Amino acid sequence: MSCSQQGRALVPRLLLQLQQGHACGAHKLWPGQLAALSTQGAARFKDSFLSPPASLEFDRGRVRYPPQLEGNPLGRGLLRLIGAYGQKQQLANGAAILYNAITEQAEDKRLHEAFGLDPDAFMSTHHLLSVHVWLVVNRLKAEDRAKAAPFQQALYSDHFYKDTERRVYREVTVHVGKWLKKLEQHTYSYWVAYDQAVAGDRGWSGLADALVKNVYGGDLTMRPSAALLSKYLNRELACLELTPVDALYRGHIKFSTDIKVTG
């Protein structure tokens, strides 16, 4: 089999998910089953994300430099000389730590289950990564751009984009640039839709509509799951407003795990 034939054989799964915008594995079921899964799943987690909003600050430590440098005055002097302790590098370090926190949350199988998502589907994890990066970008909109802009750029370009690239390579081996461009276009359109939803007067209901369209491929039977995801995101937005911005810049964040199962 030629390289191009191998590539075509590996493309369909990712292409199908991109075309459908679907993040849940339930698209393989009949619509009636899909609706039942969404309704029952959302009902099981109805008591989740109800605790009062609180700061998400959580000590995650710092990026450690080689001990042979940090462990002596000469080494620390060299690190200072190359800017390792400067604001630019500290923001880059904070972005790396924060993206680890985002990945930890987006790969939590309990969240996938609560929101009716398939943890084995590429788009499922991609959507959860995307909405958590969006939460951070949204929180930093009102902050001083001198710090917020380079931090957001590092979070997106150095971590979210590169991580997406690695994940795409697991799905396809050819035309990776094409899929990355398509994903980037999708991501920006998602974020615009979410921004418009939270800025509107319909609150979590408007955000749920945007999530039905973008995360669940417009499948209205998944609205109960979209409503639960909307409730979670709105709570995280409120929590981030209570979180000191310096905690974000250091990456000292732990997203909510207020998941409760009933029945």
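The values are calculated or read from the model by the stated rules, or taken from the named source; none is laboratory data. These numbers were taken from a predicted model, which means no experiment stands behind them. Note: ideal-geometry Cβ built from the backbone for every residue, glycine included; neighbour counts use all protein chains shown.
Structure notes:
- Search result, residues across the stretch 134-157 that are free of Cβ contacts under 8 Å to residues at least 12 places away in the same chain, charged (D, E, K, R) and in a helix (DSSP H, G or I): K141, R145
- Count of residues meeting criterion [more than 17 Å from the chain's Cα centre (by Cα) and more than 16 Å from F45 (Cβ to Cβ)] in the stretch 250-263: 1
- Any helices (runs of 4 or more DSSP H) falling wholly within the stretch 60-114 and containing at least 2 residues that are among the acidic types (D, E), without any contact (Cβ under 8 Å) to a residue 40 or more places away in the chain and farther than 25 Å from F255 by Cα: none
Condition check ((1) of a type in the set (S, T, N, Q); (2) touching a Cys at 6+ places or on another chain (Cβ under 6 Å); (3) at pLDDT 95 or above) across all residues:
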{"position": "A92", "(1), (2), (3)": "no, no, no"}
{"position": "T103", "(1), (2), (3)": "yes, no, yes"}
{"position": "E113", "(1), (2), (3)": "no, no, no"}
{"position": "A148", "(1), (2), (3)": "no, no, yes"}
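- Considering the stretch 56-95, and only residues there that are under 23 Å from the mean Cα position of the chain (by Cα) and of a type in the set (G, A, S), the residue that is farthest from P244 (Cα to Cα) turns out to be A92.
- Matching residues in the stretch 115-125 - criterion: being assigned to a helix (DSSP H, G or I) and either at pLDDT 95 or above or small (G, A, S) (or both): S124
- Residue match in the stretch 151-163 (condition: in contact with a Leu (Cβ under 9 Å, 6 or more places away or on another chain) and either loosely packed, with under 13 Cβ neighbours inside 10 Å or among the basic types (K, R) (or both)): no
- Counted residues, the stretch 158-191 - those being more than 14 Å from the chain's Cα centre (by Cα), assigned to a helix (DSSP H, G or I) and over 22 Å from A247 (Cβ atoms): 15
- Members of the stretch 163-194 that are charged (D, E, K, R), modelled with pLDDT under 95 and closer than 24 Å to A95 by Cβ: E165, R166, R167, R170, K181, E184
- Hey, T187 surrounded by 14 or more Cβ atoms within 10 Å (Cβ to Cβ), touching a residue at least 60 places away in the same chain (Cβ under 8 Å) and among the hydroxyl-bearing types (S, T, Y) or not: no
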